[in-house]
Amino acid sequence: MPTRRDMLKIAAVGAAAAVLPLERIVSAATAAEPVAAIPFAHPMPVPQSLTPSARLRTHDLYDVTMRETQAEIVRGVLSPVRTYNGQFPGPTIRAKRGRPAVVRQTNALGVDTSVHLHGAKLPADQDGHPTDVIAPGGNRTYTYDNDQPAASLWYHDHAHHQEATNVYAGLAGAYLLGDGQEAGLGLPSGQFDVPLQIRDARVEQGGALVYTRASARPHMLVNGKERPYFAVSRNKYRLRVYNTSIDRYLKLRFADGRQFQQIGTDGGLLPAPLTATELALSAGERADIVVDFATYAQGASVVLQNTAALATENADVLRFDIARPQAPQLAHVPRRLADLPSMAPATVERSITLATDPVTSLYTINGLTYDPNRVDVSTPLGTTEIWTITNADTAVPPPNFHVHHNFHTHLANFRVLSRNGGPPAPGETGVKDTVMVAPGDTVRITMTWAGHKGKFVYHCHQLPHAAEAQMATIEIT
Ligand code: C2O
Ligand code: CU
C-alpha cells in the first residue's frame, strides 16, 4: 500500500522540478524499479461524465474538488495521484455551444493550482493564467462561455512551475464541446463516442507515480490504466484521441495498418474526412477519428501501437477486442463535415525561435525565459498575424527528447500555413491550438487575436519546458 511518504514524494519531486529541467533529474528514477506491468490486464475505463450540481436558466453549474487519492494505474498497485473529484483522469465535462458552464474549483491539494481550459477562447481572468492560482484550501469559479464551434478540448493544471508535475500527477480531463451543426451530421454518438487520453508514467514498486524523464517512464496509459483493453462491438466508433502526456510525441497506428477516418483536429471538425493509417500527436494535441470495427470479425482483436515508442518501452498502447456483434446504429461519416473559418489576411508577421540556451541550458522563446511581469508581444484586438516558429535545437537520438518542442497559443486558435516550406501534414490542416515543431523544423501559422483583451500566454506544450519556463506573454490591447 502506498504510504503518506509516497505522496510526499510526488510533492518533493515537484518542488525540485521547479528548478531542475526534467531530463536532468536522475536520482528519483533510480530510487526503485518500475513495476513490471502485464499488458492488457485491465479494461479501459471511459471517464464518467460530470453531472451538473445545478442546471440553471442561464448556465450549468459544476463543482469540482482537486484532491489526492489513490488510483490503480498498473493492475494490483495503488498509486497516489492528484485528481479532479477523485478521478484519474478527471471527469469528462460535456458542454453545448451557447450554454455556459460554470465550474467551481476547490483546491484541497497541498500545492497551488490553476485550471486552464485548453483550446477555449476565454477572457483573460477565466483562462487559468499561470500566476492566477488557487492556493491550497482556496477555491474559485471559472465561467466558460462555450461560444465557439464543437471541439475536443481538455482542462488541465497550469500553475506556474507546478503545471508539469500537477498534470503528470493526474490533473487533466476531457471537455467535449458539442454544437447543433455537429449533432446534425449523424456521427457516432453515445457509447460510440469515446475519449482516449493517452500518456505515459512511471509507477514504482510500492506504487509511487514518479515524475522523471521520458526514457524512465515505461508505462503507457489510456484513460488512466496501463495498456488496457477495450471491448467494442462491430460498429463505428468516434475516438477523441488526446495526447495528455507531459512531453511525449506519439505516432499511433493499428498493428494491422488498418485505415480510419480523421474527422477533426484540436479546434474542431475538418471540412471533410481524411483517410489515414497513422496519427502523429505531440503533447497537448488531439485528433478526432472514426474507426469502423465492422471490418473485423467478432472475436478478433487489434492493438493500437505507438511507432514512436522508445527502446525502453513496449510499443503497444491499447488493445481493441471486437467482442460483441453489431448493435443497431445509424451513424455515418458524411463527406462534408464543417466549414473552416475563413482567415483574414495577416497584417503583422513575427518570428518565434524555440531553443535551448547554450550557456544556461534553459529552454527559451526568442532567447528569453518566462517572466510573468514582462509583455513579450502586444497587438491590437482583432489583428491577424503570421508567426514563423522555428525549433533551433538539433536532434539528438533517444532517449534525449528535450530538443523536441511544440507550440501552443491561448485565446486564439490557428491554422498551419506551411511546414518547412511545404504544405502542412494532412492531419494538421484543420483548426489547431498546438503544433509539433521538431528539431530544425520551421512552421508558419496564422491566427486572429480576437475576442478578448488582456494578457495571455503562448508556450511550448512540453510541460516541463513550460514549467522551466519556455513561455511568453501576448497582450491584446
Ligand atoms: Cu494546455 Cu497553456 O496549455
Ligand atoms: Cu519545448
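Values in this text are rule-based calculations from the coordinates and carry no lab data. Model, not experiment: these values are computed from the prediction. Note that we place each Cβ from the backbone using ideal geometry, even for glycine, and neighbour counts take in every protein chain shown.
Here the translational diffusion coefficient of the stretch 348-428 follows from Stokes-Einstein with Rh set to the Kirkwood radius across Cα pairs; for 37 °C and 0.692 mPa s it amounts to 221 µm²/s. Semi-axes of the equivalent ellipsoid of the stretch 269-321 are 21, 20, 8 Å, computed as sqrt(5λ) over the eigenvalues of the C-alpha gyration tensor in descending order.
Directionally averaged projected area (the stretch 69-117, Cα convex hull): 4.5 nm². Taking label positions 7 Å along the Cα-Cβ direction at both Thr388 and Arg75, the computed distance is 5.3 nm, reported to one decimal. The calculated FRET efficiency for Ser189 paired with Arg324, based on their beta-carbon distance and R0 = 22 Å, is about 0.80.
With the Cα gyration tensor of the stretch 79-189 giving a ≥ b ≥ c as the square roots of its eigenvalues, does the rule (a/c under 1.5 for rounded; else a/b larger than b/c for prolate; else oblate) give rounded, prolate or oblate? Cα axes put the stretch 79-189 in the prolate bin.
Only DSSP H runs of four or more residues enter the estimate; each adds -39500 (n - 2.57), and after division by the residues of the chain the mean residue ellipticity at 222 nm equals -1500 deg cm²/dmol.
Can you classify the stretch 116-269 as rounded, prolate or oblate using the Cα gyration tensor, where a ≥ b ≥ c are the square roots of its eigenvalues, rounded means a/c under 1.5, and otherwise it's prolate if a/b beats b/c and oblate if not? Oblate is the answer for the stretch 116-269, as a/c is 1.5 or above yet b/c matches or exceeds a/b.
For the chain, DSSP calls about 70 percent of its internal beta bridges antiparallel.
Each listed q (0.16, 0.30, 0.31, 0.33 Å⁻¹) maps to a log10 I(q)/I(0) for the stretch 47-92, found by the Debye formula over equal Cα scatterers with no solvent: -0.51, -1.05, -1.08, -1.13. Applying a threshold of 24 Å to the alpha-carbon distances of Lys96/Lys225; Lys251/Lys455; Lys121/Lys225; Lys251/Lys432 flags Lys96/Lys225; Lys251/Lys455; Lys121/Lys225 as lying beyond it.
Size of the stretch 308-369: Rg and Dmax of its alpha carbons, in Å, are 23.7, 62. Can you bin the stretch 433-477 into rounded, prolate or oblate? Criterion: square roots of the alpha carbon gyration tensor eigenvalues sorted a ≥ b ≥ c, rounded for a/c under 1.5, prolate for a/b above b/c, oblate for the rest. Judged from the Cα gyration tensor, the stretch 433-477 comes out oblate (a/c at least 1.5, b/c at or above a/b).
A crude spin-label estimate for the pair Leu381 and Ala346, with each label 7 Å from Cα along the Cβ direction, gives 2.4 nm. Placing +1 on the Cβ of every Lys and Arg and -1 on the Cβ of every Asp and Glu, with no other charges, gives the stretch 299-449 a dipole of roughly 540 debye about its Cα centre.
Rounded to the nearest 20 debye, the dipole size of the chain about its Cα centre is 1040 debye, using +1 on the Cβ of Lys and Arg and -1 on the Cβ of Asp and Glu. Between the beta carbons of Gln298 and Arg335, assuming R0 = 30 Å, the FRET efficiency works out to 0.55 to the nearest 0.05. With the simple spin-label model, which puts each label point 7 Å out from Cα in the Cβ direction, the Val46 to Arg67 separation comes to 2.7 nm. Radius of gyration over Kirkwood radius for the chain, both on Cα atoms: the Rg/Rh ratio is 0.93. One chain, two ends: Lys251 and Ala231. Fully extended at 0.36 nm per residue, the span grows by 4.9 nm beyond their Cα-Cα distance.
Binning the C-alpha pair distances of the stretch 204-321 at 5 Å intervals from 0 yields a P(r) profile of 2, 10, 19, 25, 19, 13, 7, 4, 1, 0 %, listed from the shortest bin outward. The protection proxy used here, the mean number of other Cβ atoms lying within 10 Å of each residue, ranks peptides 362-370, 126-134, 376-384, 209-217 as follows, highest first: 209-217, 126-134, 362-370, 376-384.
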